Structures are given as C-alpha cells and as structure tokens.
Amino acid sequence: MRLGLNLGYWGGGNDADNLALAKEADALGYDSAWAAEAYGSDVATVLAWVAAQCPNIDIGSAIFQIPGRSPALTAMTAATLDTLSGGRFRLGLGVSGPQVSEGWHGVRFDKPLARTREYSDIVKMALRREKVRYAGQHYTLPLPDGPGKALQLTVHPVREHIPMYLAAVGPKNLELAGELFDGWLAIFFSPDYAKESLASIEAGRAKVGKTLDGFDVVPTVPIILGDDIAACADPIRWYAALYIGGMGSREKNFYNQLAVRMGFEDAAKQVQDLYLERKYDEAAAAVPHEFIEQTSLLGTKEQIAEKMQVLAAAGVTTLTLSPFTGDIEERKATLRTAVEALELSGVGS
C-alpha cells in the first residue's frame with residue numbers, strides 16, 4: 001500500500017499551507033498528491049502549480065468534473081499536464097452532483113452512467129491521438145451537417161497511457177469504474193463495507209476479462225493523531241454531516257445513500273433532516289461515532305498502523321490522507337507520522 005495526499009479544494013487563504021503540505025509529501029516519498037474542484041478554483045491550474053514545485057510526486061485530479069469540460073478539453077488538459085510534469089499526471093473524473101452540474105455548469109444531470117461511458121471513450125480516443133469521430137447519445141463528433149472535421153490531438157503525452165480513475169459511490173458506477181478505468185477514487189471507505197464495493201468493481205473488471213490485479217483503490221481518509229479517539233473524531237463530524245446531509249437534495253444525495261447501504265439508515269436520515277433544516281451543530285452531533293471511526297484514521301501512531309493493516313487487507317492500494325486539524329507544522333508532522341505508521345504496519349510498498 002502506498003501513501004497519497006489529498007489537498008482538497010484550493011482557496012480560502014490556505015494556498016501556502018497546501019503547497020507546503022505538498023512539498024512535505026514530496027520530500028517524504030509520498031506516491032501522489034490529489035486536488036479537487038467544485039465551483040471555486042479549477043484543479044488543472046492547481047496541479048500545474050504543485051507539479052512545478054514538487055519534482056517527484058505524482059499529481060492527480062480528484063476530480064475533473066465531467067459536466068464542466070468537453071471530453072476533448074479534458075484530453076487536452078490531461079496531455080498538457082502529463083507533458084509538463086514529465087509523466088506524473090493521473091486523470092480522475094466524476095459526474096459531480098445535480099446541484100453543481102445543473103446550477104453551475106448548466107448541464108442536465110441525466111443518465112450519468114451513459115454520459116461517463118461516452119466521455120471516457122472520447123478522452124481515450126483523443127489521448128491515443130486518433131482522429132476523433134464519435135456518434136453517441138450524449139456526444140457527437142464532429143457535429144453532422146456542418147463545417148466541423150475530425151481532428152487529432154497535437155500534443156504528444158509523455159506516456160502512451162495516462163492512468164484514469166473514476167470517483168464512484170453507487171454500485172452501478174463502481175461497476176463502470178472496474179470496466180473502463182484504472183482506479184477508483186473512494187470517499188467514506190469502510191473496511192467493513194469494502195467487500196460489497198469491490199464486488200461491484202470486480203463485476204466490471206470481469207466484463208472486460210480483467211481482475212483486480214493492477215487496479216488502484218484510492219480512498220481519501222481523514223487522519224487525526226491523538227490519545228483520545230472520541231476527541232479525534234469530533235472535528236470530522238462537520239465534514240461527514242456536510243456530505244451525508246447537505247451534498248445534494250433530499251431525493252438525490254449519493255453520500256447519504258452510501259451511509260444507508262453501510263448500515264446507518266436511521267442516522268443518515270436524522271443527519272440529513274437536521275442539516276436541511278440548517279441545524280448544522282445538531283447534524284454534526286448526530287453523525288455516529290462508529291461511522292467516523294470506520295472511515296477515518298484516528299489515534300496514536302500504533303493505532304493508525306493497525307488500521308493501515310486493516311485497510312490494506314480490505315483492498316486499498318493507495319491510501320490518500322487528509323490531515324484534518326492543526327496548523328501547518330502539525331499537519332506536516334502528521335504526514336511524517338503516517339510514514340512511520342506505514343513502516344510499522346508492514347503493509348507499505
């Protein structure tokens with residue numbers, strides 16, 4: 001199992017700290033650094049900035065929003081980042097959610113699985129430097145009956161194949177990740193529920209005659225060091241409540257549905273009800289400690305080493321850490337302790 005760093009969303013005055021964390025991870029030998037986008041900073045610019053100042057670590061988009069870019073533009077950006085970084089870019093994609101897709105990008109959130117399949121097809125075709133011709137339900141290139149012509153990417157990526165990842169939560173999307181992608185970007189990954197998630201991915205792999213060998217399972221996991229597990233868990237409550245309660249509508253919240261499938265149906269409903277009523281403190285308090293403990297790294301170095309063993313046994317191949325608390329020096333120290341914990345665990349690679 002390798003270690004990665006999740007830098008989250010850029011902006012809000014944390015730019016210098018995030019870059020310092022990326023530099024620390026680079027110096028410590030972390031495998032990859034990932035950044036996100038929603039409706040603030042774009043991830044491509046952030047990754048270019050990080051790659052320019054961190055010469056060793058891989059950079060990854062977690063995620064490029066599918067409704068925010070045409071597949072051709074995504075291929076252009078991926079090829080450019082891969083070239084500028086000397087072959088260190090990993091392309092993570094995701095459909096985002098209905099609120100952002102329709103409210104920010106003006107793209108209907110309909111048939112996300114079919115749209116992702118077509119999007120992936122076109123990106124791969126472009127990165128292979130083929131002339132792009134595609135006739136799908138969602139994308140048609142070139143447009144018919146017009147002056148458009150089939151074009152070929154002019155940039156030569158450093159590598160013949162840029163690894164592609166899918167951010168997936170539901171069973172059907174997980175199956176699609178296994179079928180079409182090289183890895184899975186996971187959130188709220190619980191070793192107790194991993195078997196069910198990986199079964200969906202395995203089903204997708206089987207469709208194309210592949211197994212899980214070589215498939216990268218990459219959960220983002222909050223990490224907080226301390227002697228008191230309950231105290232370590234408290235800061236994560238707000239993050240969990242935001243996703244379970246507020247990321248999407250009452251009818252369509254993928255993270256809430258995930259919590260239900262993980263066995264937290266009553267709590268998921270309570271958190272969502274409170275959050276949508278804008279009772280944020282109560283929503284955070286209603287997140288079960290068991291949910292936080294299952295999906296986070298909490299405690300001493302020794303306790304975290306034990307949890308790393310559990311995560312590796314559950315199928316994790318790249319453990320992407322999100323240092324949750326403390327000033328920049330404390331979070332850098334957390335990254336160093338994680339390296340020591342991985343060595344202590346005996347599951348590092």
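The values are calculated or read from the model by the stated rules, or taken from the named source; none is laboratory data. All values reported here derive from a predicted model rather than from experimental measurement. In this analysis, Cβ positions are derived from the backbone assuming ideal geometry, glycine residues included, and neighbour counts consider all displayed protein chains.
Restricting to the stretch 14-55, name every residue that is in a loop (DSSP other than H, G, I, E, B), without any contact (Cβ under 8 Å) to a residue 40 or more places away in the chain and either within 16 Å of Thr74 (Cα to Cα) or of a type outside the set (A, V, I, L, M, F, W, C) (or both).
Asn14, Glu37, Gly40, Ser41, Asp42, Pro55
Give the stretch 175-200 a look and list any residue that's touching a residue at least 60 places away in the same chain (Cβ under 8 Å) and of a type in the set (Asp, Glu), or say none.
The answer is Asp192, Glu196.
Looking at (1) assigned to a loop (DSSP other than H, G, I, E, B); (2) under 27 Å from Ala62 (Cβ atoms); (3) of a type in the set (Asp, Glu), find the lone condition where Asp145 falls short.
All conditions are met except number (2).
Looking at (1) closer than 19 Å to Leu127 by Cβ; (2) modelled with pLDDT of 95 or more, can you tell me which one Phe189 breaks?
The single condition Phe189 does not satisfy is (1).
Scan the stretch 112-120 and give yes if some residue there is free of Cβ contacts under 8 Å to residues at least 24 places away in the same chain and at negative phi, otherwise no.
No.
Let's see how each residue does on (1) outside the structural domain of Leu28 (by TED's automatic domain parsing); (2) more than 25 Å from Ala167 (Cα to Cα); (3) surrounded by 20 or more Cβ atoms within 10 Å (Cβ to Cβ); (4) touching a residue at least 40 places away in the same chain (Cβ under 8 Å):
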{"position": "Phe291", "(1), (2), (3), (4)": "yes, no, yes, yes"}
{"position": "Leu311", "(1), (2), (3), (4)": "no, no, yes, yes"}
{"position": "Ala314", "(1), (2), (3), (4)": "no, no, no, yes"}
{"position": "Thr320", "(1), (2), (3), (4)": "no, no, yes, yes"}
{"position": "Pro323", "(1), (2), (3), (4)": "no, no, yes, yes"}
{"position": "Glu330", "(1), (2), (3), (4)": "no, yes, no, no"}
{"position": "Ala338", "(1), (2), (3), (4)": "no, no, yes, yes"}
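Taking the conditions exactly as written (more than 26 Å from the chain's Cα centre (by Cα), of a type in the set (Lys, Arg), farther than 21 Å from Ala313 by Cα and surrounded by fewer than 22 Cβ atoms within 10 Å (Cβ to Cβ)), does Arg133 satisfy them or not?
yes
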